[in-house]
Amino acid sequence: MESLSDMAVIVKGGGDLATGVAWRLHHCGFKVLITETETPLAVRRKVSFCEAVYDGATEVEGVGASLIRSPGAAEAIWKENRIPVIVDPSCECRIDLEPAVLVDATLAKKNLGTSINDAPLVIALGPGFEAGVDAHFVVETNRGHRLGRLIMEGTAEPNTGVPGSVLGHTSDRVLRAPADGIWRNRLDIGDTVRKGDLVGDVEESPVTSAIDGIIRGLIHPGIPVSKGLKIGDIDPRPQPENCFTISEKALAIAGGVLEGILRVYGGSRETEHWK
């Protein structure tokens, strides 16, 4: 069996929770590659490796990521101690890379095509997957007592449709597109806002903050959005540093993924069972 440091891990998705997973696995020595869409919609862009799709390269808490055009370019990026990111929403690169682990971190709340046969070990995050059917393991993503727990049978908790509470604020801290069109921001991540402040607009339809706080996240400007899409997040806590660091939720989920990998590859359990 190859050593853990030689193992390739594909993470489908490069948003903030997926980034927490990739960041932690990278620090543990795995060769991590991220797949993304052509227009990622991550809100917490300052802590999302998917920004490399727009900018060619990005960095999150000291770990760099670079956009590549083909799977064959991944090895050179790994040698630079960086994470390669590739536009490959169907994850076709798994055929060339033959990863030991595939992590579905798209957080789509449903299975968009991941199969338990996509890799020797497949781990999926959140609702929409059944452990033992769609993936070998599922990791709980809902805030609360079970956050980050590794599920070996059954499913994660269903999507509540309500954002997690922060100082009593839930849906009112989320910014949504008021219309179809191109999103343009007037303020940026880390800026302080008061209730009613203009954050940006979609085709001249204003997007305003419903609460006082700090802009924790905004999707990439200049891209088309649909009415009702989540395009931003206001944090009522006066802690601007939170906008630029990986969240406790992301790291808890990453811990569940790491546990799943080590349960299979780090102990005495035979890996043939997972192939």
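The values are calculated or read from the model by the stated rules, or taken from the named source; none is laboratory data. Bear in mind that the values here come from a model prediction, so they are computed numbers and not experimental data. Virtual Cβ from ideal backbone geometry, glycine too; neighbours counted across all protein chains shown.
Would you confirm whether any residue within segment 169-179 is surrounded by 12 or more Cβ atoms within 10 Å (Cβ to Cβ) and closer than 30 Å to Arg263 by Cβ? No, segment 169-179 contains no residue that is surrounded by 12 or more Cβ atoms within 10 Å (Cβ to Cβ) and closer than 30 Å to Arg263 by Cβ. Total residues in segment 203-220 satisfying the condition of being in contact (Cβ under 8 Å) with a residue 24 or more places away in the chain and in a strand (DSSP E or B): the figure is 9.
What number of residues within segment 3-51 are in contact with a helix residue (DSSP H, G or I) (Cβ under 9 Å, 6 or more places away or on another chain) and either at pLDDT below 95 or not in a helix (DSSP H, G or I) (or both)?
Counting residues in segment 3-51 that are in contact with a helix residue (DSSP H, G or I) (Cβ under 9 Å, 6 or more places away or on another chain) and either at pLDDT below 95 or not in a helix (DSSP H, G or I) (or both) gives 28.
Kindly indicate whether Gly64 is under 18 Å from Leu251 (Cα atoms) and of a type outside the set (Lys, Arg). Considered against the rule, which asks whether it is under 18 Å from Leu251 (Cα atoms) and of a type outside the set (Lys, Arg), Gly64 comes out as yes. Take the residues of segment 184-219 that are under 22 Å from the mean Cα position of the chain (by Cα) and under 21 Å from Leu167 (Cβ atoms): which is surrounded by the fewest Cβ atoms within 10 Å (Cβ to Cβ)? The selected residue is Gly190. With respect to (1) surrounded by 14 or more Cβ atoms within 10 Å (Cβ to Cβ); (2) over 21 Å from Ser171 (Cβ atoms); (3) modelled with pLDDT of 95 or more, the lone exception for Gly222 is condition (1).
Taking the conditions exactly as written (within 29 Å of Arg149 (Cα to Cα) and of a type outside the set (Ser, Thr, Tyr)), does Gly228 satisfy them or not?
Working: within 29 Å of Arg149 (Cα to Cα): no; of a type outside the set (Ser, Thr, Tyr): yes.
It is false that Gly228 is within 29 Å of Arg149 (Cα to Cα) and of a type outside the set (Ser, Thr, Tyr).
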